[in-house]
Each structure stands twice: as C-alpha cells, then as structure tokens.
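Participant: I am attaching a structure below and will ask some questions about it afterwards.
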Amino acid sequence: MDKDSQDVHQVLNELKNKFQEMRKLISSMPGISVSPEQQQQQLQSLREQVRTKNELLQKYKSLCMFEIPKE
C-alpha cells in the first residue's frame, strides 16, 4: 500500500476525527476534573453512608415495627 495514496489520507483523517470526538466526550464526562484523592474521599464518604443506612435498616427490622400480612 502506498503511503501517499488518497485512501491512506482518508483513513487517517477519519481516525483523527474519531480521536477529536473522543477527547470532547472525555472532557465532558462528569467528575473528570476531580482529583484521585477527592474521588477516594467521596468514595469513603459514600461507603460510610451505606454502612450507616444498613445499620439503621437492620435496627428497624429488629424492632418488628413492620407487620407482614399473612395470606
């Protein structure tokens, strides 16, 4: 295949356009501007919230406040 052929230039231009589109998509992704340290802090905070909510759920289940209808 000839390096200077029109087909090669067309394929390279298509590839270049795809890279530009991907760069735009990546830059518009939510959270892309957040540092890894901040992401770790957010993750730790969310894990703590899940743990707390699970504990509360178990507590309320053990209190038998919910009546389960018998059919």
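The values are calculated or read from the model by the stated rules, or taken from the named source; none is laboratory data. Just so you know, these numbers come straight off a predicted model, no measurement behind them. A quick note on method: Cβ atoms are made from the backbone with ideal geometry, for glycine too, and the neighbour counts reach across all protein chains shown. Remember, those area values only see protein heavy atoms, side chains included, never the ligands or the DNA or RNA. Shrake-Rupley method; radii C 1.70, N 1.55, O 1.52, S 1.80 Å.
Participant: Using the Karplus curve 6.51 cos²θ - 1.76 cosθ + 1.60 with θ = phi - 60°, work out ³J(HN,Hα) for each residue of segment 9-26 in order, rounded to whole Hz, and write x for Gly and Pro.
Facilitator: Residue by residue, segment 9-26 yields 5, 5, 5, 5, 5, 4, 5, 4, 5, 5, 5, 5, 5, 5, 4, 5, 4, 5 Hz.
Participant: If I model a spin label at GLN41 and LYS59 as a point 7 Å from the Cα along the Cα→Cβ vector, what separation in nanometres do I get?
Facilitator: So the two model labels end up 2.7 nm from each other.
Participant: Order LYS59, LYS24, most accessible first, counting only protein heavy atoms with a 1.4 angstrom probe.
Facilitator: Largest accessible area first, the list is LYS24, LYS59.
Participant: Sticking with this one: Rounded, prolate or oblate: pick one for segment 9-57, where a ≥ b ≥ c are the square roots of the eigenvalues of its C-alpha gyration tensor, a/c under 1.5 means rounded, and failing that, prolate if a/b is larger than b/c, else oblate.
Facilitator: Taking the square roots of the gyration eigenvalues as a ≥ b ≥ c, segment 9-57 is prolate.
Participant: Still on this model: With r as the distance between the Cβ atoms of SER28 and GLU48 and R0 = 25 Å, compute the FRET efficiency 1/(1 + (r/R0)^6) and round to 0.05.
Facilitator: 0.25
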